[in-house]
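Visitor: Here it is, the structure, as structure tokens.
The values are calculated or read from the model by the stated rules, or taken from the named source; none is laboratory data. If you're wondering where the values come from, they're calculated on a predicted model, not measured in any experiment. Cβ placement follows ideal geometry from the backbone for every residue including glycine, while neighbour counts extend to all protein chains displayed. Surface areas here come from the heavy atoms of the whole protein model, side chains and all, with no ligands, DNA or RNA. Shrake-Rupley method; radii C 1.70, N 1.55, O 1.52, S 1.80 Å.
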Amino acid sequence: MMELTDTSSSAIAAEFVRARTRAGSPAMGMVMTLIVVVDEESSEAAMTNARKATHEHPARVLGVVLGSARGKAVVNAQVGTGAGWGGEAAVIRLEGEVVKHADSVVLPLLLPDSPVAIWWPHDPPADPAADPLGALAKRRITDAAEVHQGKTTALQTQCASYVAGNTDLAWTRLTAWRALLAASLDQHPLKVTSATVTSERISPSADLLAAWLRNRLKVEVTRHHSSGPGITEVVLATKEGPIRIARTDGRLATFTSPDRPDRPIALKRRKLPELLAEELRRLDEDDVYAATITSLSRSTS
């Protein structure tokens with residue numbers, strides 16, 4: 001990647017053109033812009049995960065590394081294409097007064113006539129849609145499970161500030177669980193009388209799963225704690241017997257249902273690039289997520 005020091009948005013945009021020309025592809029088929037807002041310590045890991053996600057979604061990835069807001073305004077950048085990227089990438093490091101106006105640096109670099117998504121790998125703003133960078137995006141991705149402090153509070157904060165386009169990877173982690181539970185009730189059309197969700201003591205995903213079950217089934221849902229990893233068991237109680245999905249190793253689950261033999265089911269915990277790629281597949285509002293966090297907000301208020 002080309003190093004640019006004490007640079008500007010126009011210089012970064014010009015380097016994108018030169019990088020594409022050097023790669024022999026003056027016009028690349030990128031489908032979106034992905035903004036990654038991160039601190040210096042986490043920037044390398046975050047950009048690695050973003051690079052893997054762009055294999056499915058070729059994008060211009062703008063890593064925005066926010067430094068100290070004190071002192072002289074400085075913009076440094078690394079710009080390039082290839083090297084495993086599905087599109088092109090820039091890591092933009094901001095220092096000084098410009099940290100407070102990061103959107104003015106990023107705005108000229110957005111791909112025209114294509115959607116914008118933003119991802120905070122750690123510690124998102126309290127109101128992503130009101131954040132200057134968040135306001136540029138159609139899809140705003142947070143991760144309550146990866147905040148440095150207060151995971152439960154972080155999820156409640158995101159619930160309180162929800163607007164269309166917001167989502168959290170704690171919800172994305174539930175895709176396979178929700179599909180299995182829905183399929184189990186298709187196979188066994190029984191009336192559920194109550195439910196339990198067992199997980200690590202602090203698990204935003206378990207909180208969301210309990211809220212989803214409560215909202216969809218209109219039953220009482222109890223949280224139990226285990227040593228993990230993640231969610232380890234969900235039980236749906238019926239008059240004919242329990243429907244149970246138990247996963248103790250984070251990879252393989254056992255499905256138990258009334259009058260049927262137990263059977264194993266693949267239920268592997270997915271890594272961040274897979275979760276991020278899933279969220280980038282759909283940029284419209286997730287109505288089920290909206291209903292779930294509304295239910296969660298009511299239960300915690």
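Visitor: Report the accessible area of Val38, computed with a 1.4 Å probe over the heavy atoms of all protein chains in place, in Å² rounded to the nearest 10.
Guide: Surface open to solvent at Val38 totals about 10 Å².
Visitor: Please give the net charge around Ala176, taking every other residue with its beta carbon less than 11 angstrom from that of Ala176, where Lys and Arg add +1 and Asp and Glu add -1.
Guide: Here the count lands on +4.
Visitor: Please report Rg over Rh for segment 175-266, where both radii come from the alpha carbon positions and Rh follows the Kirkwood definition.
Guide: A ratio of 0.93.
Visitor: What dipole magnitude, in Debye to the nearest 20, does segment 175-266 give about its Cα centre under +1 on Lys/Arg Cβ and -1 on Asp/Glu Cβ?
Guide: Roughly 180 debye, rounded to the nearest 20.
Visitor: Any idea what Rg and Dmax come out to for the chain if you just take the C-alpha atoms, in Å?
Guide: Rg, Dmax (Cα atoms, Å): 21.6, 71.
Visitor: Can you give me the solvent accessible area of Met1 with a 1.4 Å probe, rounded to the nearest 10 Å²?
Guide: Rounded to the nearest 10, that gives 120 Å².
Visitor: Round to a whole number: what % of the accessible area of the chain belongs to carbon and sulfur, probe 1.4 Å?
Guide: The nonpolar share, carbon plus sulfur, comes to 52 percent.
Visitor: Between Thr254, Thr232, Thr172, which gets the highest mean-square fluctuation from a Gaussian network model of the chain, Cα cutoff 10 Å?
Guide: With Cα springs under 10 Å in the chain, the top fluctuation among Thr254, Thr232, Thr172 is at Thr254.
Visitor: Have a look at Asp262, Asp39, Asp103 and tell me which one the Gaussian network model of the chain (Cα, springs below 10 Å) gives the largest fluctuation.
Guide: Comparing Asp262, Asp39, Asp103 in a Gaussian network model of the chain, the most mobile one is Asp262.
Visitor: Give the ranking of Tyr162, Tyr289 by solvent-accessible surface, highest area first, calculated with a 1.4 Å probe.
Guide: Working: Tyr162 50, Tyr289 5 Å².
My answer, sorted largest first, is Tyr162, Tyr289.
Visitor: Count neighbours as other Cβ atoms within 10 Å of each site's Cβ, and list the trypsin sites (Lys or Arg not before Pro) in segment 140-190 that are DSSP loop with at most 13 such neighbours. Write down the numbers at each step before the final one.
Guide: Numbers: sites: Arg140, Lys151, Arg173, Arg178; in loops: Arg173.
Qualifying residues, ordered by number: none.
Visitor: A further question follows. Calculate, for segment 24-136, the solvent-accessible area per residue in square angstrom, rolling a 1.4 angstrom probe over the heavy atoms of the protein chains. Before the final figure, lay out the partial values.
Guide: On the way: 4690 Å² over 113 residues.
I get 42 Å² per residue for this part.
Visitor: Here is a further query. Counting only protein chains, not ligands or nucleic acids, how are Asp123, Asp259 ordered by accessible area (probe 1.4 Å), most first?
Guide: Values: Asp123 75, Asp259 155 Å².
The ranking, largest first, comes out as Asp259, Asp123.
Visitor: Right, another one. Could you tally the net charge around Arg281, taking each other residue with its Cβ under 13 Å from the Cβ of Arg281, Lys/Arg +1 and Asp/Glu -1?
Guide: Charge balance near Arg281 sits at -4.
Visitor: Which residue, Pro115, Pro128, Pro258, tops the fluctuation ranking in a GNM of the chain built on C-alpha contacts under 10 Å?
Guide: Most flexible of the set in this elastic network: Pro258.
Visitor: Could you state the orientation-averaged shadow area of the convex hull built on the Cα atoms of segment 2-168, in nm² to one decimal?
Guide: 9.4 nm²
Visitor: Where Lys and Arg each count +1 and Asp and Glu each count -1, what net charge lies around Pro115 among other residues with Cβ under 9 Å from its Cβ?
Guide: Overall, the nearby charge balance is +2.
Visitor: What dipole magnitude, in Debye to the nearest 20, does the chain give about its Cα centre under +1 on Lys/Arg Cβ and -1 on Asp/Glu Cβ?
Guide: 820 debye
Visitor: Go through Arg216, Arg269, Arg244 and list them by solvent-accessible area, largest first, probe radius 1.4 Å.
Guide: Arg216, Arg269, Arg244
Visitor: Going Cα to Cα from Lys191, which lysines come in below 26 Å? Please leave out same-chain ones fewer than 8 positions away.
Guide: Lys218, Lys239
Visitor: Report the one residue of Ala69, Ala53, Pro112 whose Cα lies farthest in the direction of the positive end of the charge dipole of segment 2-168 (charges on C-beta: Lys and Arg +1, Asp and Glu -1; origin at the Cα centre).
Guide: Most positive-ward Cα: Pro112.
Visitor: For Ser199, list long-range residues whose amide hydrogen, built 1.01 Å from N in the peptide plane, is under 5 Å from its own amide hydrogen.
Guide: When sequence neighbours closer than 5 places are left aside, the close amide H contacts are His224, His225, Ser226, Thr232.
Visitor: So, one more: What angle, in degrees between 0 and 90 and rounded to the nearest 10, separates the Cα long axis of helix 287-300 from the longest principal axis of the Cα atoms of the chain?
Guide: Helix 287-300 sits roughly 70 degrees off the main axis of the chain.
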